[in-house]
1. Can we say L215 is open to solvent by 10 Å² or more (accessible area, probe 1.4 Å) and either touching a strand residue (DSSP E or B) at 6+ places or on another chain (Cβ under 9 Å) or within 27 Å of D274 (Cβ to Cβ) (or both)?
2. Open to solvent by 30 Å² or more (accessible area, probe 1.4 Å), aromatic (F, W, Y), modelled with pLDDT under 85 and under 24 Å from the mean Cα position of the chain (by Cα), is that true of Y324?
3. All but one of (1) surrounded by 14 or more Cβ atoms within 10 Å (Cβ to Cβ); (2) out of contact with any Cys (no Cβ under 9 Å at 6 or more places or on another chain); (3) more than 30 Å from S313 (Cα to Cα) hold for G420; state the number of the condition that does not hold.
4. Only one of L240, L278 is closer than 28 Å to T483 by Cα and not in a loop (DSSP other than H, G, I, E, B); which?
5. Considering only segment 140-173, state which residues are open to solvent by 30 Å² or more (accessible area, probe 1.4 Å) and not in a helix (DSSP H, G or I).
6. Only one of these is in contact with an Asp or Glu (Cβ under 6 Å, 6 or more places away or on another chain) and either in contact (Cβ under 8 Å) with a residue 24 or more places away in the chain or more than 23 Å from K244 (Cα to Cα) (or both): L263, L269. Name it.
7. Are there strands (runs of 3 or more DSSP E) fully within segment 342-426 with at least 3 residues that are in contact (Cβ under 8 Å) with a residue 60 or more places away in the chain and within 24 Å of E450 (Cβ to Cβ)? List them.
8. Here are Y195, Y254: which of them is assigned to a loop (DSSP other than H, G, I, E, B) and either at pLDDT below 90 or open to solvent by 30 Å² or more (accessible area, probe 1.4 Å) (or both)?
Amino acid sequence: MVAGDISNCISVMRLLWKYMDKMRCFRKRLTIPFLGILITCLLFVNLYMEDGYVLEEDKRQLRETSIQQLNSERYVHTFKDLSNFSGAINVTYRYLAGSPLPRKRYLTIGLSSVKRKRGNYVLETIKSIFDQSSYEELKEIVVVVHLAEFDLAWCESLVQDITRKFAHHVIAGRLLVIHAPEEYYPVLDGLKRNYNDPEDRVRFRSKQNVDYAFLLNFCSNLSDYYMMLEDDVRCSKNFLTAMKKVVTSRKGSYWVTLEFSKLGYIGKLYHSNDLPRLARFLLMFYQEMPCDWLLIHFQGLLAQKDVIRFKPSLFQHMGYYSSYKGAENKLKDDDFEEDSFDIPDNPPASLYTNINVFENYDATKAYSSVDEYFWGKSPSTGDFFIIVFDKLTKITKIKIATGTDDRQNDILHHGALEVGQKVIGTKKGKQCSTYITLGEFKNGQVEAQEIEHKITFDIECVRIVVTASQKEWLIIRSISLWTTQPPNQ
């Protein structure tokens, strides 16, 4: 088609030249218009050829992209209903062991496992979950194991080991083992090599995203909350009770993800009603980046700006060999504590201080179980930091720590811990009208135990009082309170 247009353009120019030859008297006068017409025709031909080339190149690239993305009916099957972003993904799962009970639990614990070149820790992980839970806690959890391996012989062998070792948990409906058939998986070969990852690495992490997506999709209606673990994890004792304390303390505040470990995809808690969206998010971007990076983007898109991580960590990585090529993986969470049952209660309260606050290190950060703190400028004698409870509270233990490892001088050098009753309103906020001293700060710390035996009234306020001015600034790293429910509350 381009050649025909060139021929037509040349014919037009020949006719013009013959016409001008007959009118010799006007040739000089017509030279400039003729050159203009000639240049215009040449530009037209050049642009047409370039456009044709660009269009053909675009078509070629589009065709290659289409082949890459649509060369499998499985891909279409998985993604055809993405417009329904919050609905369940249409996957028919195989039940390898157990079946879901009609009653919803408080927590689903999900883990995905594949065949490793070296080592296998899934049995130890399941054992740790059950061994570290009390009988009452076991009533509130269900564990779902997704065997995301295409080697069905390996799956059958592992299922036999699981059902033999944990038969009573399977029968009680506390343990399910599932498998998503291979035909539901999207294309896993020839994917984009983001971050210069080798092809086998891209395939591994992309499949892992899909593994997790199918697991999340299955678990979306089994409980109120969902906890993601990996298949090589050790749990702290009574981790569920500790986790429930944290969830209760966050009541009324918005969150997407609560983190109970700082490693990988371990100890991440979600509302179960967010799981369908998270599953589809992982599927949409499965080949873009690793799952733990995608999770950061997911919580950001749902308007959780900061990481909300709690200490001590409730889960520890115990595997020595990675599921990727059997490579060594010695990562450990140094915030993990085997016995974390003694996590503080920190009942709902309002906080007030007259100490000059530095930037955004406000009073609430000292009372939170998240890894953050209050930071104020040089306090003076009589300055205070007050916690006023939303309702009467029976306090059994108080522990307050000031300063940090990198700012060891920013402690409260001279101060007292007090508890009070009879709340009144003042210009500087609420506080109690009467106080009793429980102890003095030593080396920046104070602790009071068995308070219920020392104080006869229900406590309404806890107050930190500065008893001597100091040049150093003040960091209150943590305020930890333990309670018992008062009678008739």
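1. Taking the combined requirement at face value, the residue does not satisfy it.
2. Numbers: open to solvent by 30 Å² or more (accessible area, probe 1.4 Å): yes; aromatic (F, W, Y): yes; modelled with pLDDT under 85: yes; under 24 Å from the mean Cα position of the chain (by Cα): yes.
Yes; evaluated as a whole, the condition is true for this residue.
3. With (1) surrounded by 14 or more Cβ atoms within 10 Å (Cβ to Cβ); (2) out of contact with any Cys (no Cβ under 9 Å at 6 or more places or on another chain); (3) more than 30 Å from S313 (Cα to Cα) applied to G420, the lone miss is (2).
4. Going through L240, L278 in turn, just one is closer than 28 Å to T483 by Cα and not in a loop (DSSP other than H, G, I, E, B): L240.
5. E140, E149, F150, D151, A172 - these are the residues of segment 140-173 that are open to solvent by 30 Å² or more (accessible area, probe 1.4 Å) and not in a helix (DSSP H, G or I).
6. None of the other options fit; the residue is L263.
7. On the way: elements: 349-353, 374-376, 384-402, 415-426.
Once the strands (runs of 3 or more DSSP E) in segment 342-426 are filtered for at least 3 residues that are in contact (Cβ under 8 Å) with a residue 60 or more places away in the chain and within 24 Å of E450 (Cβ to Cβ), what remains is 384-402.
8. Result of the check over Y195, Y254: Y254.
The values are calculated or read from the model by the stated rules, or taken from the named source; none is laboratory data. Note that the structure is predicted; figures quoted are calculated from it, not measured. Positions of Cβ are generated from backbone atoms using ideal geometry, with glycine treated the same way; all protein chains shown enter the neighbour counts. Just so you know, the surface numbers come from the protein's heavy atoms only, side chains and all, with ligands and any DNA or RNA stripped out. Shrake-Rupley method; radii C 1.70, N 1.55, O 1.52, S 1.80 Å.
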